[in-house]
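Report on one structure; see the data block that follows.
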Amino acid sequence: MPLPPDQPRTLMPLPPLLHDTALIYGRYLRQSLRSRFALLFGLLMPLLYLLFFGPLLTHLPLGARGSSWQVLVPGLLLQLALFGASFAGFTIIVEKSQGVVERLRVTPAGRLALLLGRVLRDATVLLFQAVLLVLAAVAMGLRAPLPGILIGFAFVTLLAVSLASLSYALAMRVDTPQQFAPVINALTMPSMLLSGLLVPMTLAPAWLDALSRLVPLRYLVDAVRDAYVGSYATAHVLYGALVAVALAALSVTVGTRVFRTAGA
Amino acid sequence: MTIISTAGLARTFHTQHGPVEAVRGIDLTVRPGEILGLLGPNGAGKTTTLRMLTTLLRPTGGAATVAGCDLLADPVGVRRACGYVAQSGGTDPQVTAREELVTQGRLYGLTKAQAVERAEELAREMDLVELLDRRTAALSGGQRRRLDIAMALTHRPKVLFLDEPTTGLDPGSRAGLWDLVRRLRDEHGTTVFLTTHYLDEADALADRLVIVDGGTVAAEGTPGALKRTYGGSPDASLQDAFLAITGRGPAPADTAPVAV
Ligand SMILES: Nc1ncnc2c1ncn2[C@@H]1O[C@H](COP(=O)(O)OP(=O)(O)OP(=O)(O)O)[C@@H](O)[C@H]1O
Ligand SMILES: [Mg+2]
């Protein structure tokens, strides 16, 4: 049976970057939807904090306006993104061993699209989990203004994009999960503790407060906490936004560079 | 007229235990429509060469053009012209064969409808019709191999790189693949660059053979010429020639008795 004759290609209606990113995004979103369990599993840790840690804070003087939930929930949201996105690279280590990464890299698809499609999938999944977490928090007693909650989701998305990009970049450079996990653990745990995710750093002694200012995540947490009490035009929100955008730009640049040159 | 030409193509890997010179300066040319067989012992640098020629791996030395595109200056041009079947395949076990084929078509710029149709066409061509809706994890090794090849043919590449395409195929599927390779060349003028460890396959299929050893070209020529030059006698086998070239022949019969 002869192969059919060559057909003319129709012009792509979308710019190549968008077209390719949408394709890769679709591929990996379908992958996430196939494992509903994994889709919810990431919520387990923040939900446990909400249920068993949140009530401990309700009568503590946390030094902020609003209720203790308005302090805790922003932290839990960013914690969700911190851990969820940092471990995103695991999937690419598996895909490298299956040959899927090279099979995609041998096509003309843009290198930035190969990264962004995956990263946007992770951001989507984390955003979905963040919405569920906020709903659970509302059931537990959280009351916060809607614009503040939406600003919180924007920060979750930016953090997810940043950390997932860095995670994929690292994963492309290592061969086994055993090389990957220790590095991620060594970075996520200190970030969580030093950024005041669970209890605000305003309660910390001066040296710890100073140290925590070196951790970018701290600025995001402070910004979302302000937004959750309805203060939008504050220095915290401004710095948080600047740090979040700068971190995302830097991380996507690093990720694309690694995707471009990978294969060493 | 050449469709692939390399000059001093080299790749050194830097590992914790020092540098590994996987490919140490390969010069070769391939004519359009040629079926070229790349042979060589394990670790000779065949896969590394293919990964460089398909833009997956940056050379650490030398230069190459594929289908008129320079490897470094125009990698996207090279990617558009090439199809590649890796030694270990490249399908996601959780995804169906159909979805993989459609995604592949769309990555090469087909519309959704075109990609769906192309998937059906390729499935008929590669005898995968019944298997289209199975997850690739549920395919046998040989069936998955045919899917890998179908994916590489999606965009009707000018140059097809096949890394050990028939490893693990039953005799019928192997004959089918030889047929397909010849047909791609005869009907579409496709250039096929393949590696294999099966000397009967190299003999039957390839117009010309390049034998690499230790990252350099040890010999090249038509199967007939290699047999005459290296095999010692006109009716020597390709096996004799291969062993003579790579210096891994069996020890002469009169040495010490074998202790097993
Ligand atoms: N990523 C890598 N890092 C370090 N060394 C590598 C890497 N990839 C390949 N090598 C080494 O380069 C050499 C050539 O490997 P290559 O895979 O090209 O051989 P091959 O001819 O395809 O062998 P086979 O017939 O076994 O498939 C080998 O010594 C191999 O160990
Ligand atoms: Mg190989």
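Can you list the residues, at least 5 places off or on another chain, whose amide H is less than 5 Å from the amide H of B:Thr222, using H built in the peptide plane?
Placed amide hydrogens put B:Leu209 under 5 Å from B:Thr222.
Report ³J(HN,Hα) in whole Hz for each residue of region B:130-146, in order, from the Karplus equation J = 6.51 cos²θ - 1.76 cosθ + 1.60 where θ = phi - 60°; Gly and Pro get x.
Here the 3J(HN,Hα) series is 5, 9, 4, 9, 8, 5, 5, 4, 8, 9, 6, x, x, 5, 5, 4, 5 Hz.
Note down the nm distance, to one decimal, between modelled labels 7 Å out along Cα→Cβ at A:Val174 and at B:Phe13.
Going from the A:Val174 label point to the B:Phe13 one covers 1.9 nm.
Any chance you could run the full-extension gain for A:Arg143 through A:Leu14? It's 0.36 nm times the residue separation minus the Cα-Cα distance, nm to one decimal. Working shown, then result.
Numbers: separation 129, 0.36 × 129 = 46.44 nm, distance 4.20 nm.
Going from the current span to full extension adds 42.2 nm.
Say each of B:Ala113 and B:His197 gets a label point 7 Å from the Cα, pointing the same way as Cα to Cβ; how far apart are those two points in nm?
Each label point lies 7 Å from its Cα, and together they span 4.8 nm.
Can you work out the Karplus-derived ³J(HN,Hα) for every residue in region A:212-219? Use 6.51 cos²θ - 1.76 cosθ + 1.60 with θ = phi - 60°, whole Hz, and x for glycine or proline.
Each residue of region A:212-219 in turn: 5, 6, 7, 9, x, 4, 3, 5 Hz.
What share of all Cα pairs of the protein assembly as shown, in percent, falls into each consecutive 20 Å distance bin?
Per 20 Å bin, starting at zero, the Cα-Cα P(r) for the protein assembly as shown comes out as 20, 43, 25, 10, 1 percent.
Test of understanding: what is the full-extension gain from B:Ala138 to B:Glu187, defined as 0.36 nm times their sequence separation minus their Cα-Cα distance? Each step should come with its number before you reach the end.
Details: separation 49, 0.36 × 49 = 17.64 nm, distance 3.26 nm.
Between B:Ala138 and B:Glu187, full extension yields an extra 14.4 nm.
Could you give the length gained by full extension between A:Leu56 and A:Val131, i.e. 0.36 nm per residue of separation minus their alpha carbon distance, to one decimal place? Display every interim value, and only then the final one.
Working: separation 75, 0.36 × 75 = 27.00 nm, distance 2.30 nm.
That works out to 24.7 nm of additional length.
Tell me, what ³J(HN,Hα) does each residue in region B:103-109 have, in order and in whole Hz, if you take phi through Karplus 6.51 cos²θ - 1.76 cosθ + 1.60 with θ = phi - 60° and put x for Gly and Pro?
4, 4, x, 5, 5, 8, x
From other protein chains only, count the Cβ atoms within 10 Å of every residue's Cβ in B:113-121, then give the mean. Intermediate results must be reported in sequence, preceding the final value.
On the way: counts 1, 3, 0, 0, 2, 2, 0, 0, 2.
Per-residue shielding by partner chains comes out at 1.
Near B:Lys46, which lysines are there with a Cα under 27 Å away, not counting those fewer than 8 places off in the same chain?
Straight-distance partners of B:Lys46: A:Lys96, B:Lys158, B:Lys227.
Using every pair of alpha-carbon atoms in chain B, split the distances into 5 Å bins beginning at 0 and state the percent of pairs per bin, rounded to integers.
For chain B, the binned pair fractions read 1, 6, 12, 16, 17, 16, 13, 9, 5, 3, 1, 1, 0, 0 percent.
Rounded to the nearest 0.05, what FRET efficiency do A:Arg260 and B:Gln87 give with R0 = 22 Å and r taken as the Cβ-Cβ distance? Could you check? If you can, show how the numbers build up before the last one.
Numbers: r = 24 Å, r/R0 = 1.07.
It comes out at approximately 0.40.
Under a 5 Å amide H to amide H cut-off, with H placed in plane at 1.01 Å, what residues pair with B:Val212 once short-range neighbours are removed?
B:Leu39, B:Gly40, B:Ala218
Values quoted throughout were computed directly from the atomic coordinates according to the rules given, and no laboratory measurement underlies them. Bear in mind the structure is a predicted one, so any value in this text is a computation, not a measurement. With ideal geometry, Cβ positions are generated from the backbone for all residues, glycine too; neighbour counts draw on all protein chains shown.
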